[in-house]
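Before any comments, here is the structure.
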Amino acid sequence: MATATTTTTPPTIAWAISPLQMPTPSTSKAVHKLWNPALSSLSPEDRVLFYRYGLGPRRNVDTPIIHHAFEYHARTQPDVVAVEHTTDGQSLTFKQLDIQANRLAHRLRAQGIQPGKRVCILARRSVHLVAAILAVLKSGGQYVPLDALTIPDSTLSYVLNDAKPSIVLAMSEFVHRVSSGTVPTIDLEAAIHADELANADGSKPVDTTTPSSGAYIIYTSGTTGVPKGVDVRHRGVTNVISGTPGNVGMKPGLRVGQFLNVAFDMGAWEILGSLYNGCTLCIRGNTKRDWITLMKTVHIVIATPSILTLHDPADYPNIQNVIVGDADASLQANPARKAPLADKWARFTNFSNCCGPTEISICNTVQPHTPGYPLSIGKPIPNTNVYVLSRDPTCTKPVPIGETGCMWVGGTGVSNGYLNLLDKTAERYRPDPFLGGSAMMFNTGDLGRWRSDGQLDHLGRADDQVKVKGFRVELDGVSAAMRTHEPVHSAVALLVGTELWGFITPSTVDLSQVRDATAAVQPYHAVPTQYLALDEFPMTKNGKVDKRALVVYALDENSTDAKRFSAPSRSGSTSPS
């Protein structure tokens, strides 16, 4: 456990430099580009800072393929437990997991799985899920994780049609959810059991994977309620999990909690990071007691702020490292405000805040937080570039240092784009004009600004995308889902505090039915938990819905001209399941 401290000394950071100070050798590629025409709008001082702040350190990734690192640990520490799920009474050593995954990989290879082919995994968190992930990677394929406990049938059907998997690996209890004849389906547990009984070939399949091969596809919410599949490569994932700060201190001998939704890219961070670094992956049960019990035994926690608020760090002296994604942007926007959650945890353990969308492979910036120091999302991680550009999405003009703009990310982690959405990919992914060559960058849609200490403040979304329980939710998609209930005339979704609200007209609508209709097409985290129905929406002078007035209605519990309905989240928790 880190020693408790009350110091206000800032963490190690890149302080503002003299206008005449040139970039360090690690950014030598940028030295001859200081007068890049793309930077012509900046002052000479800001041109230096643009690269000084925006280019993360360069670092070699010795093992750029995920399962190669796991296989190394299977050879060097075969008898160490690789994954355990105590509530299911299951565990596997690195050797056992390697053999189990190899056998399953041979099955997949025999059915044509290779680089460029996809395998959907329909499962709940379990030891079998981990074996399935490794098997797909070893076969050369790209896995598509689907949380069987939370994915609606409509979304499952959409993903199976969109991803066009060659095979579905489904846990026995969920095989029936895959329509017969739509795609070949393997009963995961039955296949593993049959291979054990037959003592099937457990040797490593011939490896055809390259660093540019697809590792996984994560489906995120879409603006019309239709999810988007993000095509993530091995090299992007390994760039994060192979070293500081993205490995969150993982190394052999440490225990990593697997708490998050298995279809969430932070869930991939837990699972793949642990396997890559030779740790023991510890899978939680489904109850609050299971969660707390497991947290008392692990050393590393990857979480969302909503999870940590439920726990007192003093209860978990074993935890050595915690990292959270996108802690309160309002705290980062105003250095005068305090960061109670970050300060609280940072006094007991190594606490970091990070930011990064699925499209850039897990995270792009990290701040190791010191109590009392203004919270930020930190600095670019190795092999990653972050630019603050014009808010106009059609323009890639840099804004002066210290001014607010839209954050774009370049470097190794940039994914291959969106599956089957060429127009959307072309809109959000652009050639990187600041480094040139074949480099690409991604428009995160997040607003940010550089501070004088070289760190980034996160200032919210440039569009209407918000974070709910750690998940990205696009409010237009939620509104569209509520309108699928025929009696609804108008619908607006807003994040009020930490709660997702649905506003409906007219007031005669049965709000419980609106909730059910929304849940039929949206994942649980994108279903409002609070509803308010009005005869008419308040409007602005420009004829648009007055969203500020709707927030006032939401907060005024004594209002008599609105009908309310409160529905608990399907997950029964304030955190990803």
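The values are calculated or read from the model by the stated rules, or taken from the named source; none is laboratory data. Keep in mind that what you see is a predicted model, and the values were worked out from it rather than measured. With ideal geometry, Cβ positions are generated from the backbone for all residues, glycine too; neighbour counts draw on all protein chains shown.
Worth a mention:
- Residue match in the stretch 185-196 (condition: in a loop (DSSP other than H, G, I, E, B), among the β-branched types (Val, Ile, Thr) and at pLDDT 95 or above): no
- Remark: residue 483 falls outside the filter, which requires a residue to be surrounded by 15 or more Cβ atoms within 10 Å (Cβ to Cβ) and under 22 Å from residue 444 (Cα atoms).
- Residue within the stretch 158-168 that is in contact with a helix residue (DSSP H, G or I) (Cβ under 8 Å, 6 or more places away or on another chain), touching a residue at least 24 places away in the same chain (Cβ under 8 Å) and of a type outside the set (A, V, I, L, M, F, W, C) present: no
- Failed criterion for residue 438 (all others in (1) more than 22 Å from residue 357 (Cα to Cα); (2) free of Cβ contacts under 8 Å to residues at least 40 places away in the same chain; (3) surrounded by fewer than 18 Cβ atoms within 10 Å (Cβ to Cβ) hold): (1)
- Qualifying residue in the stretch 79-88 (condition: closer than 24 Å to residue 237 by Cα, of a type in the set (A, V, I, L, M, F, W, C) and assigned to a helix (DSSP H, G or I)): no
- Counted residues, the stretch 113-129 - those being outside any loop (DSSP other than H, G, I, E, B) and within 16 Å of residue 186 (Cβ to Cβ): 8
- Conditions (1) more than 15 Å from the chain's Cα centre (by Cα); (2) closer than 26 Å to residue 88 by Cβ; (3) of a type in the set (Ser, Thr, Tyr); (4) at pLDDT 95 or above; number of the one not met by residue 287: (4)
- Wholly within the stretch 246-328, helices (runs of 4 or more DSSP H) carrying at least 2 residues that are among the hydrophobic types (A, V, I, L, M, F, W, C) and within 26 Å of residue 378 (Cα to Cα): 265-276, 305-308
- The residue list 497, 477 contains one member that is of a type outside the set (Asp, Glu), modelled with pLDDT under 90, crowded, with 19+ Cβ neighbours inside 10 Å and under 30 Å from residue 258 (Cα atoms), which is 477.
- Enumeration of residues in the stretch 251-270 that are surrounded by fewer than 24 Cβ atoms within 10 Å (Cβ to Cβ) and within 20 Å of residue 72 (Cα to Cα): 251, 252, 253, 254, 255
- Residue in the stretch 359-377 that is within 22 Å of residue 435 (Cα to Cα), among the polar types (S, T, N, Q) and without any contact (Cβ under 8 Å) to a residue 40 or more places away in the chain present: no
- Of the candidates 525, 489, the single residue that is surrounded by 23 or more Cβ atoms within 10 Å (Cβ to Cβ) and in contact with a Pro (Cβ under 8 Å, 6 or more places away or on another chain) is 525.
- Against the criterion of being modelled with pLDDT under 95 and in a loop (DSSP other than H, G, I, E, B), residue 202 does not qualify.
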